[in-house]
Each structure stands twice: as structure tokens, then as C-alpha cells.
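The values are calculated or read from the model by the stated rules, or taken from the named source; none is laboratory data. Note that this is a predicted model, so its numbers are computed, not measured. Counting neighbours? That spans all protein chains shown, and the Cβs are built from the backbone with ideal geometry, glycine included. Keep in mind that these areas ignore ligands, DNA and RNA; they rest on the heavy atoms of the full protein, side chains included. Shrake-Rupley method; radii C 1.70, N 1.55, O 1.52, S 1.80 Å.
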Amino acid sequence: MRADDVVNGRPATRFAGAWTDTYSWLWSDKAGRQWYAEVTGYPLAEAKAAVAGIGTKRDEVTWRASAAPDMKVLHRRTGVPYPRQSRGESWMLMLTDGQRSRSISFGNNNRALVSAAHVKDRVSQFAGHTEVVGNNGGEQTFLSYEPLPGVWADPTEVYGDLADVRTVMAGLRVLPVDDERLDKYAGND
């Protein structure tokens, strides 16, 4: 669904997502630059309160904490803008102990893992890397982990063994492309 709204004192278009409690806004600043914001996990009134704290200054987003005092900035990206087109890679790792198998999906997302955190997720550091622990609204817990900046191990299901999953994630290493273990342990798929 689409509706007219206002963000940072500018006319905006608000979209209600296909999922419950997901809203996004698209607007242009005074210089004609377009901006996009998304809020997931809050009803519309609270989502609008969060967006009321957003401002822009040149090519940066600003935050006015007084507009949403119960919220805080977890991660603020700095540096050059993301490229308009990006190439990504994805791969999968299947682990087994002979009794249980666990698959870990990896992707090069060119952005920090914390940028994907949702309401009620726990964001923390483990072994010097960002992790996000959450669930899909049910009983199943998952762990997302950032072994390298912009690379996500996501999502890994947790079966009551979070400490073991964290140990596996902290043990992930980048191997040289000519490392013989890559051929030895590679799957046939």
C-alpha cells in the first residue's frame, strides 16, 4: 500500500510492506537527492516516530534522538557511498559431526551486518566480530555472524547450542585459493 507522508519536512511516499509492521519511505531533499528509509517490527505510529528523527545534511543522514528517545543508533556508516552496482558472491558451507548437519550460507553484502538487525534482535561482539542473535518470530533461534567486514554468515540455526555455534563461527578462516583442503573437503554439488 502507498500513502502520502512527510519526512524531514519534505513530501514523502510511504509504502506498507507485504509483511506486517514493515514500512518504508521515499523522499527527495531540497537539492533533489532521493532518500529511502525502512522500519521493520513496529506498528505504524511508532515507525513514524522513528522516521521523525531522520534528517539529511548534504549526502549524510542525521539523527535527532529526541524524536524517538527509546531508540539509539547501533551503527552509523561513514565513508564513500555504496556503489550503484555491486557484484556479490555467495557460497555455502555444510558441516556435520556425524549426527547432525548444519549449513551456513555466506554472502558478500558490501555493508555491515548490523544494518540488517531487526527489532528484538541482539547485536553484540563475539571474538572481535559482529553477531546478531534473533528468531523468526517462532521458537527457532538463529545467529548471523560477520567473519570479515561486509561478509555475512547468515543465518545459522541454533538448536540450544549457541556456545557451540559461536565457536564454529569464530573458527572460520579465509583459505588461499590454492589450499588443498578446499579440494579435499569440497562437496560434489
Problem - Whichever residue in the range 38-61 is touching a residue at least 40 places away in the same chain (Cβ under 8 Å) and assigned to a strand (DSSP E or B) and, among such residues, is least open to solvent (accessible area, probe 1.4 Å) - result: Gly55
Completion exercise
Considering the range 172-186, residues that are over 16 Å from Trp91 (Cα atoms) and in a loop (DSSP other than H, G, I, E, B), and then whichever is least open to solvent (accessible area, probe 1.4 Å), we arrive at Asp179
Handout entry: Hits in the range 25-53 - residues which are modelled with pLDDT under 90 and among the β-branched types (Val, Ile, Thr)
Key = Val39, Thr40
Problem - Considering residues of the range 11-27 that are surrounded by 14 or more Cβ atoms within 10 Å (Cβ to Cβ) and not aromatic (Phe, Trp, Tyr) only, the residue nearest to Val51 (Cα to Cα) - result: Ser24
Practice task
Just name the residue that is most open to solvent (accessible area, probe 1.4 Å) out of those in the range 104-162 that are in a strand (DSSP E or B), modelled with pLDDT under 85 and of a type in the set (Val, Ile, Thr).
Solution key: Thr141
Fill in the blank from the handout: Residues in the range 62-73 that are open to solvent by less than 100 Å² (accessible area, probe 1.4 Å), in a loop (DSSP other than H, G, I, E, B) and touching a Gly at 6+ places or on another chain (Cβ under 7 Å) total 1
Completion exercise
Exactly one of Ala31, Ala3 is of a type in the set (A, V, I, L, M, F, W, C) and outside any loop (DSSP other than H, G, I, E, B), and that residue is Ala3
